[in-house]
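Okay, so here's the structure we're looking at.
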Ligand SMILES: Cc1cc2nc3c(=O)[nH]c(=O)nc-3n(C[C@H](O)[C@H](O)[C@H](O)COP(=O)(O)OP(=O)(O)OC[C@H]3O[C@@H](n4cnc5c(N)ncnc54)[C@H](O)[C@@H]3O)c2cc1C
């Protein structure tokens, strides 16, 4: 490790590793500090992604793909269900290997990774961020940098230390927990989504197969709900009822900020990317690809700002994010607000009405149109998403 780098990135998740790769490719020096002992562990993720959205960053590889997904099943509170063919391919990843591969690619581009490096403060000079303080192998260290990229996940603190407003309303912080369990006998190419106030109020429960009877079974409920009954109690109730023979091999819990991006994601010497910037798709809670998008933009702009000796360039990050995904996420957020208020009866009637749609016309878009039939204002939002 050198005493100074052009860019220091905090966190080696998808946002941090992609930012590191795009910055290093431009020839600037990059250090990534990761607090855990190994990149990619622990996995706190359902691991589902759309192929078409992430091939812009990395070509699919069997090493880190657990299963291919070609169907979605939506299950109503009364157990009515619809199954949709997915017109493109989805994957359930093996994120342990996937995250390590992203880090390997960034290293190949010239970025340096250091694990067991817990960033616990920033170096500030005249209010400008000039580096990080961190603990490594029991020793307190400092590294100077021209720009720090905070890619430190949903529980991020780095942005706040820099004076940026990072607060998320507790209602928008989905409480998630998940088990990766054996003896879950479901179709291996279908992702299942369960809805209803007894299963996952103000959220949903998922079963994402990983092959050989193993699946990620998880739940996300609004922070408001999580205060009265925990997400893990809902998950246990579901498993006992639906998969009594399931055996949990791992279990994880974590928050997902299901809201729109922070008002400010950059300032002199600091940029925020991924979950830390709240760049998650607020409707699905999926953040793997959107974190990579945020990381890619942040890494590229940070490098350009250093190469061109133009510190103010970091402010263009906000408008680039807005054009790439920010506008879409605002629409998803409004749709989420509408769906959160659905009663069980509404979910049941949506699935019942949808069963009448001829199979060849059953698409995700037509399901949303059925769901939002009585809410014209939301229908307009849905139309905007599908036109985009
Ligand atoms: C239960 C659950 C299920 C999910 N399912 C899906 C899904 O199916 N599909 C999907 O697309 N998304 C899913 N997500 C969301 C997805 O996991 C995240 O959006 C994604 O991992 C965000 O990437 P990131 O790089 O921003 O943050 P992270 O992947 O969280 O990486 C942040 C990194 O920063 C490190 N770090 C934190 N603080 C410090 C510090 N002070 N010093 C050094 N290092 C630090 C952490 O150790 C971590 O490695 C799920 C999330 C949860 C909790």
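The values are calculated or read from the model by the stated rules, or taken from the named source; none is laboratory data. These numbers come from a predicted model, not from an experiment. FYI the Cβ positions are ideal-geometry reconstructions off the backbone, even for glycines, and counts take in every protein chain you see.
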How many residues, within segment 23-55, are more than 19 Å from the chain's Cα centre (by Cα), surrounded by 24 or more Cβ atoms within 10 Å (Cβ to Cβ) and outside any strand (DSSP E or B)?
2
Consider residue 247 against the criteria (1) more than 10 Å from the ligand (Cβ to nearest atom); (2) under 17 Å from residue 150 (Cα atoms): it satisfies all of them except one. Which criterion is unmet?
(2)
Among (1) within 16 Å of the ligand (Cβ to nearest atom); (2) touching a residue at least 60 places away in the same chain (Cβ under 8 Å), there is one condition residue 231 misses while meeting the rest; what is its number?
(2)
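Does segment 263-274 include one or more residues that are at positive phi and not assigned by TED's automatic domain parsing to the domain that holds residue 193? Talk me through it step by step, then tell me what you get.
Of the residues in segment 263-274, the ones at positive phi are 269, 274.
Checking the rest, the ones that are also not assigned by TED's automatic domain parsing to the domain that holds residue 193 come to 269, 274.
Checking segment 263-274: at least one residue is at positive phi and not assigned by TED's automatic domain parsing to the domain that holds residue 193.
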Restricting to helices (runs of 4 or more DSSP H) lying wholly in segment 242-360: which have 2 or more residues that are closer than 25 Å to residue 154 by Cβ?
288-307, 316-321, 327-340
Which of the residues that make up segment 21-55 are more than 10 Å from the ligand (Cβ to nearest atom), touching a residue at least 24 places away in the same chain (Cβ under 8 Å) and farther than 23 Å from residue 139 by Cβ?
21, 22, 23, 24, 25, 26, 27, 28, 51, 52
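Quick check on this structure: which one of 335, 306 is at pLDDT 85 or above and touching a strand residue (DSSP E or B) at 6+ places or on another chain (Cβ under 6 Å)?
Working: 335 fails: touching a strand residue (DSSP E or B) at 6+ places or on another chain (Cβ under 6 Å).
Being at pLDDT 85 or above and touching a strand residue (DSSP E or B) at 6+ places or on another chain (Cβ under 6 Å) holds for just one of 335, 306, which is 306.
If you scan segment 254-276, which residues turn out to be near the ligand (Cβ under 8 Å from one of its atoms) and touching a helix residue (DSSP H, G or I) at 6+ places or on another chain (Cβ under 7 Å)?
Within segment 254-276, the subset near the ligand (Cβ under 8 Å from one of its atoms) is 254-256, 273-276.
273, 274, 275, 276 - these are the residues of segment 254-276 that are near the ligand (Cβ under 8 Å from one of its atoms) and touching a helix residue (DSSP H, G or I) at 6+ places or on another chain (Cβ under 7 Å).
Condition check: in contact with a helix residue (DSSP H, G or I) (Cβ under 7 Å, 6 or more places away or on another chain) and either near the ligand (Cβ under 8 Å from one of its atoms) or closer than 27 Å to residue 25 by Cα (or both). Does residue 305 satisfy that?
yes
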Looking at 280, 221 in this structure, which one is surrounded by 20 or more Cβ atoms within 10 Å (Cβ to Cβ), within 18 Å of the chain's Cα centre (by Cα), within 16 Å of the ligand (Cβ to nearest atom) and at pLDDT below 95?
221
